[in-house]
Every structure is written in C-alpha cells, then in structure tokens.
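Asks: Just dropping this structure here.
The values are calculated or read from the model by the stated rules, or taken from the named source; none is laboratory data. If you're wondering where the values come from, they're calculated on a predicted model, not measured in any experiment. Every residue, glycine among them, receives a Cβ derived from its backbone with ideal geometry; neighbour counts consider all protein chains shown.
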Amino acid sequence: MQRIDRITDATATAEQADARRFVRKTWGQTINITDTMAHNPQVLTGFIDFYTALDQSGLSAEDREVICMDMAVRNGCHYCVPAHLTEAKTRGLDMELILPIARGQLLTGDSRPARLQRLTRRLVETGGKLSDAEV
C-alpha cells in the first residue's frame, strides 16, 4: 500500500519538476523514494546532495552498499533492499557479495566487507555504543 502519492511529471509544480530534473541529471532516473520526497523539493535536493557527498567520504561504493544493505535488512525495510540491489547493480558491484547480505546472511572471514557488516550489526545492536576496543 502506497501511503504518500509520488510526484510525477503530470502532478509536479515548477519547483518539484526542477528537483526531479536534478535527480535525473545526478542519477539518470528518479526512483519511488525521490518521487515521494519531491513533495518538498528542498528535502529531495538535500537528500541527493547528502548521498552525493558520501562519494567523497572515503568509503568505496562497495563499502557503502554493504553497510546500507545490511542496515536495510536489519531494519526490515522492504523498500530499501530492492533499491540498494539496484544501486549495487548500477555501480557495477560484485552481486555475489551483495546478494547474501540482502538475504540476511552474515559474511564470513576477515575481508573488509565482512568486517564492515559485523561493525554495522554491532552499531545497530548497541545503538552506537561501542567499546573503545570495537572502534
């Protein structure tokens, strides 16, 4: 059930249409969440700016999608999981890595993705209250 109607080309005000064009220019397309955020163009622009700034964060696209996917699964976000699967595919990430996370599986070993996933889970479990040793 969709609770908030998405903004479309047919329903957009001039400001909403500008915000949706910004999304298309940045990502090549709009998605359901951005079309919903377009109700408030400033929120949508801020979201895209924030998401784009993460590209400069020092975390790779793979790092970010491991974190985002595990968070989506842990939070039970049935919208976020498919959105992040699409994002991972669009970014050309190794789907053999991402799909098990999307299924709720814990990565094994000591690889960076496995360590990031374990850290993400601990952050969720503890509400961000990690010991110095964990950090």
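Asks: Taking the condition assigned to a helix (DSSP H, G or I), among the acidic types (D, E) and at pLDDT 90 or above, does D9 pass? It would help to see each step written out before you state the result.
Replies: Values: assigned to a helix (DSSP H, G or I): no; among the acidic types (D, E): yes; at pLDDT 90 or above: yes.
Here the answer is no, as D9 does not meet what is asked.
Asks: A further question on this structure: Find all pairs meeting these conditions: Cβ atoms under 7 angstrom apart; at least six residues apart or on different chains; first residue within segment 101-130 and free of Cβ contacts under 8 Å to residues at least 40 places away in the same chain; second residue loosely packed, with under 13 Cβ neighbours inside 10 Å and part of a loop (DSSP other than H, G, I, E, B).
Replies: What qualifies is A114/T108; R122/E134.
Asks: Sort out which residues of segment 72-95 are within 15 Å of A61 (Cα to Cα) and either in a loop (DSSP other than H, G, I, E, B) or not small (G, A, S) (or both), and write them in order of number.
Replies: The first filter runs over segment 72-95 and keeps only residues within 15 Å of A61 (Cα to Cα), leaving 83-95.
If the condition is that a residue be within 15 Å of A61 (Cα to Cα) and either in a loop (DSSP other than H, G, I, E, B) or not small (G, A, S) (or both), then H84, L85, T86, E87, K89, T90, R91, G92, L93, D94, M95 are the ones that fit.
Asks: Restricting attention to segment 36-62, which residues are within 14 Å of the chain's Cα centre (by Cα) and not in a helix (DSSP H, G or I)?
Replies: Residues satisfying the conditions are L59, S60.
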